[in-house]
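Step one of this worksheet: look at the structure below.
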Amino acid sequence: EGWRVRKDGSRFWANVVISAVRDANGGLVGFSKVTRDLTERKRAEEERVRLAVAEASQQRLQFLAEASAVLFSSLDYEATLDSLGKLLVPEYADWCSVQLVDERGEIRLVTVRHGDPEKMDLARQLERRWPVDLNGDVGVPKVLRTGRAELYEELSDDVLASATVDEEQLRIARELRLQSALLVPIVGRRQTIGVLDRKRVV
């Protein structure tokens, strides 16, 4: 499929199928070409994409406005981050957690939110029972060291197995049906002081 040009110079989106024409003995005698004008379908698809992009942009603007209101609503940073988690779930994420580095240099879980109330306990259990190893090479430790966001487009079973420390942790991760994750640094006093972990599930 692709754009073609008519004799009058106008463009149209076409599907072209070329087939061999053979005689009774199977010998090649030529080719046939069938061209289907799919311009209307193509324009309808492009319009759907345009509307989807516009809607996504509008949602991002709305989220930024709401997030700004939340961030400036309280001087209590833990309450503010918890409110931000409520804002993210379930509209922009299925699961959200915030972890901060405390005065002793240890990572501390501030809040966990899950779109499915029945999964909240599992999400909290996963975050609290297996604290982050700050010496790790991926995930939260890497974001804390580099100050750069990390996107994991697919949390396959192999990825989960390599990121968990025992069978029980892996079992809970599987039960939560994790699909993807976006880890964003939280910056304060010109340094990374925590990580916001936004996850999607299957």
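The values are calculated or read from the model by the stated rules, or taken from the named source; none is laboratory data. Note that the structure is predicted; figures quoted are calculated from it, not measured. Positions of Cβ are generated from backbone atoms using ideal geometry, with glycine treated the same way; all protein chains shown enter the neighbour counts. When the accessible area is computed, the model is the full protein with side chains, heavy atoms only, and any ligands, DNA or RNA have been set aside. Shrake-Rupley method; radii C 1.70, N 1.55, O 1.52, S 1.80 Å.
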note = Scanning the range 1-41 residue by residue, the ones that are of a type in the set (Phe, Trp, Tyr) and open to solvent by 50 Å² or more (accessible area, probe 1.4 Å) total 2
query = Before we move on, is residue 84 open to solvent by less than 40 Å² (accessible area, probe 1.4 Å), in contact (Cβ under 8 Å) with a residue 60 or more places away in the chain and over 20 Å from the mean Cα position of the chain (by Cα)?
reply = no
query = helices (runs of 4 or more DSSP H) wholly in the range 97-191 with at least 1 residues that are farther than 26 Å from residue 79 by Cα and open to solvent by 90 Å² or more (accessible area, probe 1.4 Å) - which ones?
reply = 157-163, 167-175
